[in-house]
Amino acid sequence: MKHFTLMMSLFFIAGSLFSQTYSGPGTLSYNGSKYACDIIEFGIPASEAEGVIKDRMKALGYLPEKGKGPLVFKNVRISELGEDQAYDLIFDVSRKSRKESDRSVVSLISAKAGELPAGKLKKGEQAPTIVNSPKAPAFLGSFNTAVVQKAYELDILAMTKDLEKSQKELDNLVKEQGKIEKKIQDAQDDLKKNQREQETVKAQIESQKKQLEEKKATPPNQ
């Protein structure tokens with residue numbers, strides 16, 4: 001039992017470590033311009049990663065702006081980034097690759113509130129140079145618990161679906177077995193009926209043979 005508990009503990013620790021990996025600084029295109037950002041990899045699909053981010057930000061009191069594209073949260077003040085400064089947070093979530101669609105890459109711009117242009121820059125305008133919050137990497141890392149929990153829930157869901165699929169397959173096999181057994185029973189009943197009919201015909205043949213012999217033994221007087 002101790003060995004089992006140890007193995008399970010190691011499994012969940014390994015799962016936690018693999019669920020997200022900090023990749024470091026990078027660049028992200030936003031409103032047609034490129035800005036510095038911090039990047040992290042989550043061990044869950046992009047759609048689930050977006051949900052984790054939305055849930056976390058909602059719990060902190062913030063909702064994303066409406067529209068397609070990245071998740072945009074304006075004028076955010078949270079302790080993880082420092083409440084003395086408001087930030088505009090831009091989360092871009094995408095799948096890691098076609099082969100690894102179960103993993104996602106999250107890029108975060110954490111610019112000071114109002115520092116980013118509200119829309120696309122006009123031709124000839126220069127994008128401002130922003131400095132992301134130095135606490136942004138740690139903030140991204142703080143999503144780990146939620147990511148691990150979501151990965152666990154997805155594993156449970158996948159295993160449950162596999163179990164349901166196997167159970168359905170078994171139910172179909174049992175049902176098919178019932179049909180086969182009925183066919184076998186019907187065949188056995190037909191066999192018994194055939195054997196009874198054979199005995200009846202055999203008796204009839206013996207009677208007919210006897211009658212024939214008797215007939216042959218008593219020819220008409222000539």
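Read-outs throughout are calculated quantities, based only on the coordinates presented, and are distinct from any laboratory measurement. Remember, it's a predicted structure, so these values are computed and weren't measured experimentally. Cβ coordinates were reconstructed from backbone atoms using ideal geometry, including for glycine residues, and neighbour counts include every protein chain displayed.
Okay, here's what the table says:
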read-out	value
Set of lysines with alpha-carbon distance to K210 below 18 Å, sequence-local pairs under 8 removed	K202
Span-rule helices in the chain, defined as complete DSSP H runs reaching 18 Å or more along the axis (Cα) with Kyte mean at least 1.0	2-19
Contour minus Cα-Cα distance for E125 and S101 (0.36 nm per residue)	4.9 nm
Estimated FRET transfer efficiency when R0 is 22 angstrom, pair S142-S94 (beta carbons, to 0.05)	0.60
Charge dipole (the chain, unit charges on Cβ, about Cα centre) - positive-most of V52, V131, Y35	Y35
Over 22 Å (Cα to Cα) - which of K54/K135; K54/K96; K58/K135; K66/K135; K68/K123 fall in this group	K66/K135; K68/K123
Cα shape, region 139-222, gyration tensor, a/c 1.5 rule	prolate
Nearby aspartates and glutamates by direct alpha-carbon distance to K182 (threshold 17 angstrom, same-chain neighbours under 8 apart not counted)	D171, D190
Cross-link partners of K168 among lysines (Cα-Cα below 19 Å; sequence separation of 8 or more within a chain)	K179
Two-site label geometry, Q177 and K34: point separation in nm, points 7 Å out along Cα→Cβ	6.4
Total charge dipole magnitude, the chain, about the Cα centre, Cβ charges on Lys, Arg, Asp, Glu only, Debye to nearest 20	560
Magnitude of the charge dipole, region 100-177, Cβ model with Lys/Arg +1 and Asp/Glu -1, debye to 20	660
Lys/Arg +1, Asp/Glu -1 at C-beta; the chain dipole; positive extreme among Q195, L163, P117	Q195
Listed values (1) 17.3; (2) 23.1; (3) 23.8, entry calculated as Kirkwood radius over Cα pairs in Å	(3)
